[in-house]
Amino acid sequence: MAIVSSAVLLGLQYALLALGVYITFRVLNIPDLTVDGGFTFGAAVSALLSIAGHPFLGLLAALASGAAAGIVTGFLQTKAGIHPILAGILTMSGLYTVNITIMGAPNLSLIGKPRFYEFLYKLMPDADKDLMKILAVFVICAGLCILLILFFRTVFGLCIRATGNNEDMVRASSINTNMTKVTALAIANALVALSGGLIAQTSGYADVNGGSGMIVVGLASVIIGEVIFGKRSLWLGLISAIVGSVVYRLIIALALETSIFSANALKLVSAVIVAITLSVPAIRKAFADSRRKKEARRNA
C-alpha cells in the first residue's frame, strides 16, 4: 500500500504536467520542449518562497513563472518566426541559467520549511499524513481540470482549439492566431511549472536538473490515458491525461519493485513504456487488418 500511495501521489503531481503537455501536444498541435526548463523553473520559485515561509505564494509564483516562460516561447514562435521545436529548446536552454540563478546553488533543501499541505495536519491532526498529501494535490488537480474544461468551452477557448485544428481557417476568420498560440502556451507551461512547484514542496527539495526528461513523462501520461479512454472529446482527454499520469507512475513503481530493473533504469523504463504505448494504435491496426484478411479469405 505504501508503494501504491506513493505512486498515486506522484501521479497526481505529475498530472498537471500531463495537462500542460496535452494542451500543447493535442489541443494546439505544437510540440513544445519548454517543459523541461519550465518544470524546474516552477520548482525553483516554489522552493525559494517556501524557504522564505510562503508555501502558498510559492505555488502561485510557480504558476506565474511558468506562464511567463510560455509567453517567451510563444513570442519566439509567432513574432520571431522560429520553428516551434527550436523555440522551445531556446527557452529551455535559457531557463537553465535562470533557474540556477534563482536557486543560487544546484539544489535547495526544504527540510524543516513550511509546505502547502501542512495546514491539513492542523485541521485533521489524527488523519494519515500521506492521505492528506494525496487529498490536497487531488483537490488542486480536480479544480484546475474543471477550470480548463470550462475555459475551453468559452469563445476564446474554442478559438484556441480551432487554431490547433486548422490555423489557416481561423486566420481567415479574422482571429488573431498569434494570441491564441501564446495564450495556450502560457496556460500549458503554467501548469507544468505548478507541477514542478508541487513536487518540490512534497519531495522537500528542488534540483536544477529535476526537469530533465519531463517531456517524456508528460507524453507517456497523455498517451497512456488515450489508450485507456480513447480520443473522444477534449474534456475526456483532460481527464484521461490525469488518469494516465497516475497509471504511468503505478507502472513505473511496479517495474522498479521487481528485481529486473534498478532505480538507475528509470529513464530506460520510461522510454520503453512510451515506445510501447505509442505502438498500441499500430498494433491494433495490424490486428484489425489481419482479421479483415482472414474474413476475406473465408468469404472467398
So which residues in segment 1-44 are open to solvent by less than 60 Å² (accessible area, probe 1.4 Å), among the polar types (S, T, N, Q) and in a loop (DSSP other than H, G, I, E, B), if there are any at all?
T34
Scan segment 118-139 and tell me whether some residue there is more than 24 Å from the chain's Cα centre (by Cα) and modelled with pLDDT of 85 or more.
no
What helices (runs of 4 or more DSSP H) lie completely within segment 45-136 and have 2 or more residues being in contact (Cβ under 8 Å) with a residue 60 or more places away in the chain and among the polar types (S, T, N, Q)?
55-78
Where in segment 143-262 are the helices (runs of 4 or more DSSP H), entirely inside, with at least 3 residues that are out of contact with any strand residue (DSSP E or B) (no Cβ under 8 Å at 6 or more places or on another chain) and open to solvent by less than 30 Å² (accessible area, probe 1.4 Å)?
155-165, 177-203, 214-229, 234-257
Can you name the condition, by its number, that V72 falls short on among (1) open to solvent by 60 Å² or more (accessible area, probe 1.4 Å); (2) in contact with a Ser or Thr (Cβ under 7 Å, 6 or more places away or on another chain); (3) closer than 24 Å to G237 by Cα?
(3)
In segment 46-65, which residues are open to solvent by 10 Å² or more (accessible area, probe 1.4 Å) and under 11 Å from L198 (Cα atoms)?
P55, F56, L59, L60, L63
Do you know which residues across segment 101-142 are of a type in the set (F, W, Y), within 20 Å of V192 (Cβ to Cβ) and open to solvent by 70 Å² or more (accessible area, probe 1.4 Å)?
F138
Scope segment 46-93; condition touching an Asp or Glu at 6+ places or on another chain (Cβ under 9 Å) and under 29 Å from G112 (Cβ atoms); matching residues:
P55
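The values are calculated or read from the model by the stated rules, or taken from the named source; none is laboratory data. Computed from a prediction, not measured in an experiment: that's the story for all the values here. Counting neighbours? That spans all protein chains shown, and the Cβs are built from the backbone with ideal geometry, glycine included. To get the accessible areas, we keep the full protein, side chains included, count just its heavy atoms, and leave off ligands, DNA and RNA. Shrake-Rupley method; radii C 1.70, N 1.55, O 1.52, S 1.80 Å.
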